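The values are calculated or read from the model by the stated rules, or taken from the named source; none is laboratory data. As the structure is a prediction and not an experimental result, all values here were calculated from the model. Heads up, the Cβs are rebuilt from the backbone with ideal geometry, glycines too, and the neighbour counts pull from every protein chain shown.
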Amino acid sequence: MPHRLSVLVLDRQGRPVSATKVSVNIKGILSGGFLDAFTDSSGHATLQTAGDYPRSRELTIYVKQQSFGPFPIGGGSYTVNLR
């Protein structure tokens, strides 16, 4: 079963950031890869994996040339605060 990932992007003042590209890198040589989405007006980006990864598999989130993580893929919802 695929994982549904939700990323909330906030600026330095804690305000949602809209229309911003969010990339998620799922670690793994053979079955890892990147997912991309854009935030909506409330700062949320929703992504869904193609495969069923173990919940312990790590991912890193990239927004505006900043990286966040690694996080376990089983977390489901993530909030990142831009510097």
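Sort out which residues of the range 1-33 are assigned to a strand (DSSP E or B), modelled with pLDDT of 90 or more and closer than 18 Å to Gln66 by Cα, and write them in order of number.
Ser6, Val7, Leu8, Val9, Leu10, Pro16, Lys21, Val22, Ser23, Val24, Asn25
Among (1) free of Cβ contacts under 8 Å to residues at least 24 places away in the same chain; (2) at positive phi; (3) surrounded by 15 or more Cβ atoms within 10 Å (Cβ to Cβ), which single condition is Phe68 missing?
The single condition Phe68 does not satisfy is (2).
Would you pick out the residues in the range 34-75 that are of a type in the set (S, T, N, Q) and at pLDDT 95 or above?
Within the range 34-75, Thr39, Ser41, Ser42, Thr46, Thr60, Gln65, Gln66, Ser67 meet the criteria.
So, Asp40, is that one part of a strand (DSSP E or B) and not hydroxyl-bearing (Ser, Thr, Tyr) or not?
So Asp40 fails the test.
Within the range 56-83, count every residue that is touching a helix residue (DSSP H, G or I) at 6+ places or on another chain (Cβ under 9 Å) and not in a loop (DSSP other than H, G, I, E, B).
2
Identify, by number, the condition in (1) among the charged types (D, E, K, R); (2) free of Cβ contacts under 8 Å to residues at least 24 places away in the same chain; (3) under 14 Å from Thr79 (Cβ atoms) that Asp11 doesn't meet.
Against the list (1) among the charged types (D, E, K, R); (2) free of Cβ contacts under 8 Å to residues at least 24 places away in the same chain; (3) under 14 Å from Thr79 (Cβ atoms), Asp11 comes up short only on (2).
Among the residues of the range 17-55 satisfying the criterion of being touching a helix residue (DSSP H, G or I) at 6+ places or on another chain (Cβ under 7 Å) and of a type outside the set (Phe, Trp, Tyr), which is nearest to Gly76 (Cα to Cα)?
Once the filter is applied, the top-ranked residue is Arg55.
I'm trying to understand the selection: among the residues of the range 5-52, which are on the phi > 0 side of the Ramachandran plot and surrounded by 11 or more Cβ atoms within 10 Å (Cβ to Cβ)?
Matches in the range 5-52: Gly28, Gly33, Gly43.
Tell me, please, whether a residue that is loosely packed, with under 12 Cβ neighbours inside 10 Å, of a type in the set (D, E, K, R) and touching a Pro at 6+ places or on another chain (Cβ under 9 Å) can be found in the range 53-62.
yes
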